[in-house]
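Just so you know, all these numbers are worked out from the coordinates, no wet-lab data involved. Computed from a predicted model, the values in this text were never measured in an experiment. Backbone-built Cβ (ideal geometry, glycine too); neighbour counts: all protein chains shown.
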Amino acid sequence: MDVQTADGTEGVSGEFAALAQDVYAGDPRWIPEEAAVLAAFFSASNPLLSRMRVRTWCVPGRSRLAAFVSDGLEVDGARAAFFGFWESAGDAAADAALFDAAASWARDAGAAVLYGPVDGSTFGNYRLVLGGGGDWLPFPGEPYNPPEYPERLERLGFEAFRHYHTRYASFDDVGPLAEVMVEPAARARDAGYRVLPITEELWLERLPELHAAADATFGHAFAYTPLSFDEFAAVCGASFVAKMCPHTSMIGVDADGALAGFQLSYADFGPIAVAGAGDDRVPVSQLEHRSAFPLLTAKLGKELPAAIPKTTGVLPGHRKAGVMALVGLEIWRGIRERYGSVVYAITDVDNPVQVLTEDLAGGQRNYALYRRGLEGSRS
C-alpha cells in the first residue's frame with residue numbers, strides 16, 4: 001500500500017488535497033474545502049502549529065489523516081493527541097493503516113489517548129455529525145461528513161464519548177426565552193452594565209481584554225489550548241470580526257467600562273457557501289457579513305435568513321449579575337429585525353444552559369467526538 005507521510009508543517013500533497021473533492025463530488029450540501037486554506041494551515045507560518053508536533057498520512061484516492069500532539073496538553077490527567085482532516089473513500093484497509101500509523105506516532109510522542117476529529121485544536125473545526133431531524137443545509141463551521149463515518153471510526157476501535165447538538169427554532173419557539181431575560185437584564189442595567197455592538201474598531205481595541213476573557217471563559221472546556229496574544233490575534237483579528245453580524249454581536253461592559261461578557265452571532269451563510277450554490281457560491285474564506293448578507297438575502301428571496309447566536313461568555317465576577325440576559329435581550333431585538341429563525345449552535349449536551357432550548361420544536365442535529373486509547377494499534 002502506497003502511504004505518503006510528511007511533517008505537517010511542510011504542506012500537503014496534491015493527493016491529500018484532492019481526496020475531499022473526490023469524497024464529496026456531486027454532493028450539493030458540502031461546503032467545499034479550499035486548497036489555499038488547507039495549504040496555509042499545514043505550513044510553518046501557521047501560528048497554531050508553533051507548539052504542536054504534526055504529521056500527515058495519505059493513501060492516494062483512498063484515505064487521508066493528520067495527527068497533532070500539543071506540548072503539555074492533558075485531558076483527564078492523560079497526555080492527549082488529536083486526529084483531524086480525516087477523509088475516506090471507504091477503503092477499510094487504508095483507514096486502518098493510517099489510523100494505526102497515527103496511533104503509533106502519537107504514542108511515541110508520549111500521548112495516551114487519541115481524540116477526534118479535531119482539526120489541530122478546538123479553536124478550529126471538530127466533531128462528526130451523526131444526523132438528526134430536519135434537512136437544513138450545513139452552516140460554515142458545522143461538522144459535515146458522510147453518514148457512514150461514525151460507524152467506520154467505531155470499527156477502528158474508537159468510541160463516542162462527548163455529544164453535542166444544534167437546535168433550530170422559529171420565533172414562536174424562542175419568544176418565551178426572551179421573556180425570561182427581561183428581569184435579570186433590568187437588574188444588570190440598574191447595576192450600571194451596558195451593551196455595546198461589536199464593530200471592527202471596538203473589537204481590535206479590546207482584543208487584549210478578549211484574549212484574557214477567552215482563557216477565563218473557556219479554560220474549563222474540553223481540551224482547551226491557551227493561545228499567546230499573537231496567536232489569538234492571528235486567529236481572531238480583523239478577518240474574524242468581519243464575519244460576525246454587527247447587529248447581533250455584542251459585548252457587555254460594567255459601570256467602569258471593563259469587559260464583562262460577550263455574544264458573537266452570525267448569519268447562516270450555508271445557502272451561498274455550499275457546493276450547490278453553483279456559480280454564485282462564496283468560499284468561506286471570503287465570507288464577510290457586509291458583502292455576503294445582501295447575496296444571502298437575494299438567494300433566499302422572500303425567505304428570511306437564519307441567525308446563529310454562537311459564542312457566549314461571561315467573565316468571572318459577573319456571572320450572576322444578569323449580564324448575559326442584558327446582552328442576549330439586545331441581540332434578540334436585532335435578530336427579530338433582520339432574521340426569520342434562530343440556530344442554536346453547537347452546544348455540549350452537558351451544558352447547563354442547553355436546558356433552555358430543549359423544548360424547541362424546530363428540530364435538532366447531533367454530533368459526537370471520539371477517542372481511542374493508545375495502549376496498542378488496531379488493524
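Sorted by mean Cβ packing within 10 Å, highest first, what order do the peptides 276-282, 149-155, 257-263 take?
257-263, 149-155, 276-282
Treating the angle as unsigned and between 0 and 90°, give the value, to the nearest 10°, between the Cα long axis of helix 14-23 and the longest Cα principal axis of the chain.
Orientation of helix 14-23: about 70 degrees from the principal axis.
So what's the angle, to the nearest 10 degrees on a 0 to 90 scale, between helix 289-300 and the longest Cα principal axis of the chain?
Approximately 90 degrees, to the nearest ten.
Could you name the aspartates and glutamates whose alpha carbon sits less than 13 Å from that of Lys299, not counting residues in the same chain fewer than 8 places away?
Of all the aspartates and glutamates, those that pass the test against Lys299 - Cα under 13 Å, at least 8 places apart if same chain - are Asp268, Asp279, Asp280.
Report P(r) for the chain: all Cα-Cα distances, bin width 10 Å, range 0 to the bin holding the largest distance, values in whole percent.
Bins of 10 Å from zero give 5, 22, 32, 26, 12, 2, 0 percent of pairs.
Testing the spin-label approximation: label points 7 Å from Cα along Cα→Cβ at Asp230 and Ala298. State their distance in nm.
4.1
Pull up the cross-link candidates among the lysines for Lys302, meaning alpha carbon to alpha carbon under 24 Å and not fewer than 8 places away within one chain.
Partners within reach: Lys243.
Putting +1 on Lys and Arg Cβ atoms and -1 on Asp and Glu Cβ atoms, find which of Val54, Pro246, Ser70 reaches farthest to the positive end of the dipole of the chain.
Value computed over the given set: Pro246.
Of Leu19, Pro316, Tyr367, which is farthest along the charge dipole of the chain in the positive direction, counting Lys and Arg as +1 and Asp and Glu as -1 at C-beta?
Farthest towards the positive pole: Pro316.
Pulled fully out, how much extra length does the chain show between Glu288 and Asp256, if you take 0.36 nm times their separation in residues and subtract their Cα-Cα distance?
Answer, rounded to one decimal: 8.3 nm.
Sticking with the crude label model, points 7 Å out along Cα→Cβ, report the distance from Leu196 to Glu15 in nm, one decimal please.
Modelled inter-label distance: 5.3 nm.
When the dipole is taken about the Cα centre of region 4-126, and only Lys, Arg (+1) and Asp, Glu (-1) are charged at their Cβ, what size is it in debye, to the nearest 20?
Rounded to the nearest 20 debye, it is 200 debye.
Please state the equivalent ellipsoid semi-axes for region 169-367: what are the square roots of 5 times the Cα gyration tensor eigenvalues, largest first, in whole Å?
Result for region 169-367: semi-axes of 26, 22, 17 Å.
Pairing the Cα long axis of helix 92-108 with the longest principal axis of the chain, what angle in degrees results, from 0 to 90 and rounded to the nearest 10?
Around 80 degrees separate the two axes.
Given the DSSP H assignment, sum -39500 (n - 2.57) over each helix run of at least 4 residues in the chain and divide by its residue total; what's the result at 222 nm in deg cm²/dmol, nearest 500?
Computed mean residue ellipticity for the chain: -9500 deg cm²/dmol.
Given Cα positions, please report Rg to Rh for region 108-150, the hydrodynamic radius being the Kirkwood one.
Radius of gyration relative to Kirkwood radius: 1.07.
What per residue convex hull volume, in Å³, comes out for region 4-126 when only alpha-carbon positions are used?
Convex hull volume per residue, Cα atoms: 104 Å³.
Once you put a point 7 Å from the Cα of Val182 and another 7 Å from the Cα of Ala40, both along the Cβ direction, what distance in nm separates them?
4.6
If you average the sequence gap of Cα pairs under 8 Å that are 6 or more apart and divide by the length of region 7-141, what percent do you get for the contact order?
Here the relative contact order equals 23 percent.
Count the net charge of all other residues whose Cβ sits under 14 Å from the Cβ of Ala233, scoring Lys and Arg as +1 and Asp and Glu as -1.
That sum, taken over residues with Cβ under 14 Å, equals -4.
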